[in-house]
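Heads up, the thing below is written out as structure tokens.
The values are calculated or read from the model by the stated rules, or taken from the named source; none is laboratory data. Every value quoted in this text rests on a predicted model; they were computed, and no experiment measured them. Ideal geometry is used to build each Cβ from the backbone, glycine not excepted, and the neighbour counts take in all protein chains shown. Surface areas here come from the heavy atoms of the whole protein model, side chains and all, with no ligands, DNA or RNA. Shrake-Rupley method; radii C 1.70, N 1.55, O 1.52, S 1.80 Å.
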Amino acid sequence: MKTDLFEKQDWSGCFAFQGDRVLVKTGPEPAIPPAEDLSGLCFAGCSGEARSAGRPGNCWIDLGKEASPPEGMEFVSLRDIWGLLGERAFFEAGRAFQLMEWSRQNKFCGQCSALMRESSSETALVCQDCKMTSYPPVSPAIIVAIEKGASLLLARSPHFPKGRYSVLAGFVEPGETLEETVEREVIEEVSIRVKKIKYFGSQPWPFPHSLMVGFTAEWESGEIAVDGKEIEDAGWYEPDSFPDMPPGISISRRLIEDFLLRKGRR
Ligand SMILES: [Zn+2]
């Protein structure tokens, strides 16, 4: 088990980014560098004082495209933070990344074009002129593991790595419950109907600002027919014939592991 970086009362780290790569102190014990080691490095933008206090993920620095890492530090992809520093660090780095992107994309009011300023009371940007308030976007998406007897539905999106299969996922549309999204996505992508839709768990996913909401479900009716766009191939797989699986950090992998556990394969 990795030690939790944020258990320490004196946490003073700050997430500095070049694009979606995070600055990390190298060495035998990799770490997020303390804010004081980064003073003077605010090139393309920084979190303000109000948001720097409180949660670790509130402190961010946008180093811009040109910056090279200071001595003893290197840039690591946001995805790799999980393996290097643990789940909590990945979620906090993801929060910092999302706040940075939101701040960069909302310098001006979408309603009257005046400058936006940080709110002093909440995580929000407020227009200096018309007072319109902007909150950081979070886009809910469902992800669902569908069972049929001893088999699990696994599908392939054209932009997966070669040979990779996973469970189905899709974004929630306005006016939908999460369960309705599950039903709609499954029909659209593989043409089957499902029943017994049950909540499994959730995971923030900062690419770019999703909240993955996991479900399990059972096949009810219909034959698999892929849409050919979002899904290019799908099938019912028993544990012994599983294809290449998504990496361990994603909720999709946790859903698959849960299926295997329930079928006595873990
Ligand atoms: Zn305005």
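Considering only PHE215, SER191, GLY175, and ranking their Cα positions along the charge dipole of region 167-266 that arises from unit charges at the beta-carbon of Lys, Arg, Asp and Glu, the one farthest toward the positive end is PHE215.
Given Cβ point charges of +1 (Lys, Arg) and -1 (Asp, Glu) and nothing else, what value in debye, to the nearest 20, does the dipole of region 15-105 about its Cα centre take? Write down the numbers at each step before the final one.
On the way: 9 positive and 13 negative charges, 61 e Å.
With only Lys, Arg, Asp and Glu charged at Cβ, the dipole is about 300 debye.
Note on region 208-266 and region 65-105: Cα centroid distance 28 Å, given to the nearest whole angstrom. Summarising the label geometry, the points placed 7 Å from Cα in the beta-carbon direction at ASP244 and LEU211 lie 3.3 nm from one another. Taking the longest Cα principal axis of the chain as reference, the axis of helix 178-190 is set at about 60 degrees.
First compute the accessible area of the chain with a 1.4 Å probe, then give the percent of it belonging to carbon and sulfur atoms.
Details: 7020 of 14130 Å².
For the chain, the apolar C and S fraction of the accessible surface comes to 50 percent.
A simple charge model with +1 on the Cβ of Lys and Arg, -1 on the Cβ of Asp and Glu and nothing else charged puts the dipole of region 139-262 at about 360 debye relative to its Cα centre. Determine the sum of side-chain charges near ARG156: Lys and Arg each +1, Asp and Glu each -1, restricted to other residues whose C-beta is under 13 angstrom from that of ARG156. Taking every other residue near ARG156 into account, the sum is -3. For region 15-105, a/c is less than 1.5, where a ≥ b ≥ c are the root eigenvalues of the C-alpha gyration tensor. That puts it in the rounded class. In terms of the Cα gyration tensor, with a ≥ b ≥ c the square roots of its eigenvalues, is region 57-125 rounded because a/c is under 1.5, prolate because a/b exceeds b/c, or oblate? It is prolate, given that a/c is not under 1.5 and a/b is the larger ratio. Axis of helix 251-262 versus longest Cα principal axis of the chain: the two differ by about 40°, to the nearest ten degrees. Solvent-accessible surface of the chain, averaged per residue with a 1.4 angstrom probe and all protein chains in place: 53 square angstrom. If one takes the longest principal axis of the Cα atoms in the chain, at what angle in degrees, from 0 to 90 and to the nearest 10, does the Cα axis of helix 87-105 lie? For helix 87-105, the angle is close to 70 degrees.
Using the Cα gyration tensor of region 139-262, with a ≥ b ≥ c the square roots of its eigenvalues, what is the shape: rounded (a/c below 1.5), prolate (a/b larger than b/c) or oblate (neither)? Could you put the intermediate results ahead of the total?
On the way: a/c = 1.25, a/b = 1.12, b/c = 1.12.
Cα axes put region 139-262 in the rounded bin.
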